[in-house]
Amino acid sequence: MNDMRFTERTVATDEVKIAAKGVQVYYGDTHAIKDVTIDIADKTVTAFIGPSGCGKSTFLRCINRMNDTIPSARVEGDIRIDGEDIYDKRVDPVQLRAKVGMVFQKPNPFPKSIYDNVSYGPKIHGLARNKAELDEIVETSLRRAALWDEVKDRLGAPGTGLSGGQQQRLCIARAVATSPEVLLMDEPCSALDPIATDQVENLIHELRERYSVVIVTHSMSQASRVSQRTAYFHLGEMVEYGDTGDIFTNPKDERTENYITGRIG
Ligand SMILES: Nc1ncnc2c1ncn2[C@@H]1O[C@H](COP(=O)(O)OP(=O)(O)OP(=O)(O)O)[C@@H](O)[C@H]1O
Ligand SMILES: [Mg+2]
């Protein structure tokens, strides 16, 4: 593998996890995503950055068909994960979302116990044959989310009773419990203090070993810390995509440069 494997818009075919081509999203008459083509690599953290309203969340939601739940939203184009068209009629969005987990800006644990929050997905997807296996998945997921030690003695307590940072790590544990291959994170640290942010960022480093992670962030320092690839969005277009270091030190597009130097955004 040499350093030339990444080109401007693509990654080497054997490393592509998510391939999006000519994606358009409309909310009624609003054209929110304009002809976005991007290949997202496996076992890599990819950051989406750009000014508020530029379409980062909208595009992220295309990747696990969360836009299906918004009545006015219409998605066109082609998105493939491991070569499979995720908008094919035969694809069950619920199954897809087990494979493509999502963590939101605001921690949103179910009003249930810590245990139930994590075991819910594996249960509905039949990933455990018995209670012992389910216990095992819950423990592994909580460990992977760096939360196990803090909650192992109170798995029956409500998830909503945890601190904000713990709730977000619980949501990450819930997302990884179904053994996803892709993890989408929409500003996962914006409601967290610096210590919890640091914990989640460390976690993202570890998650990268197993998953393709896509993170939307408003923090450019966070994008530089956690991601290897960065895509800059502007008014619904993806105007620049490349290695994170290059985007931040040597942006090619004036719009990217203006954003990262603080002139817009
Ligand atoms: N549910 C919706 N219905 C109608 N329009 C929407 C909806 N969600 C987003 N939009 C519009 O689509 C465009 C892109 O919004 P989106 O939320 O994807 O931007 P964003 O980059 O995530 O912004 P932010 O950084 O503020 O989260 C905006 O013009 C927004 O107003
Ligand atoms: Mg957003």
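The values are calculated or read from the model by the stated rules, or taken from the named source; none is laboratory data. What you see is a predicted model, and the numbers here were worked out from it, not measured in a lab. Here the Cβ positions follow ideal geometry from the backbone for every residue, glycine too, while neighbour counts run over all protein chains shown. Side chains are part of the model used for accessible areas, which takes the heavy atoms of the whole protein and leaves out ligands, DNA and RNA. Shrake-Rupley method; radii C 1.70, N 1.55, O 1.52, S 1.80 Å.
I'm trying to understand the selection: among the residues of the stretch 38-66, which are more than 12 Å from ligand 2 (Cβ to nearest atom) and open to solvent by 50 Å² or more (accessible area, probe 1.4 Å)?
LYS43
Identify the residue in the stretch 156-178 that is under 14 Å from the mean Cα position of the chain (by Cα) and hydrophobic (A, V, I, L, M, F, W, C) and, among all such residues, is nearest to ALA223 (Cα to Cα).
That would be ILE172.
Read through the list (1) exposed (fewer than 14 other Cβ atoms within 10 Å of the Cβ); (2) outside any loop (DSSP other than H, G, I, E, B), then give the number of the only condition that LEU96 fails.
That leaves (1) as the condition not met.
Just checking, how many residues over the stretch 133-155 are buried (at least 18 other Cβ atoms within 10 Å of the Cβ) and under 25 Å from the mean Cα position of the chain (by Cα)? Show your work before the answer.
First, the residues of the stretch 133-155 that are buried (at least 18 other Cβ atoms within 10 Å of the Cβ): 134, 137-138, 141-142, 144-145, 147, 151, 155.
If we keep only those that are under 25 Å from the mean Cα position of the chain (by Cα) too, we end up with 134, 137-138, 141-142, 144-145, 147, 151.
Selection size over the stretch 133-155: 9.
Please go through the stretch 19-35 and give me each residue that is within 12 Å of ligand 1 (Cβ to nearest atom) and crowded, with 19+ Cβ neighbours inside 10 Å, ordered by number.
The answer is VAL25, ALA32, ILE33.
Counting residues that are under 17 Å from the mean Cα position of the chain (by Cα) and buried (at least 18 other Cβ atoms within 10 Å of the Cβ), which helices (runs of 4 or more DSSP H) fully inside the stretch 179-265 reach at least 1?
Values: elements: 194-207, 220-226, 244-249, 254-260.
Ranges flagged: 194-207, 220-226, 244-249.
Looking for something among the β-branched types (Val, Ile, Thr) and farther than 25 Å from GLU206 by Cα - is there at least one such residue anywhere in the stretch 115-132?
Kept after step one, since they are among the β-branched types (Val, Ile, Thr), are these residues of the stretch 115-132: 118, 124.
Now narrow it down to the ones that are farther than 25 Å from GLU206 by Cα: 124.
Yes; the residues of the stretch 115-132 include at least one that is among the β-branched types (Val, Ile, Thr) and farther than 25 Å from GLU206 by Cα.
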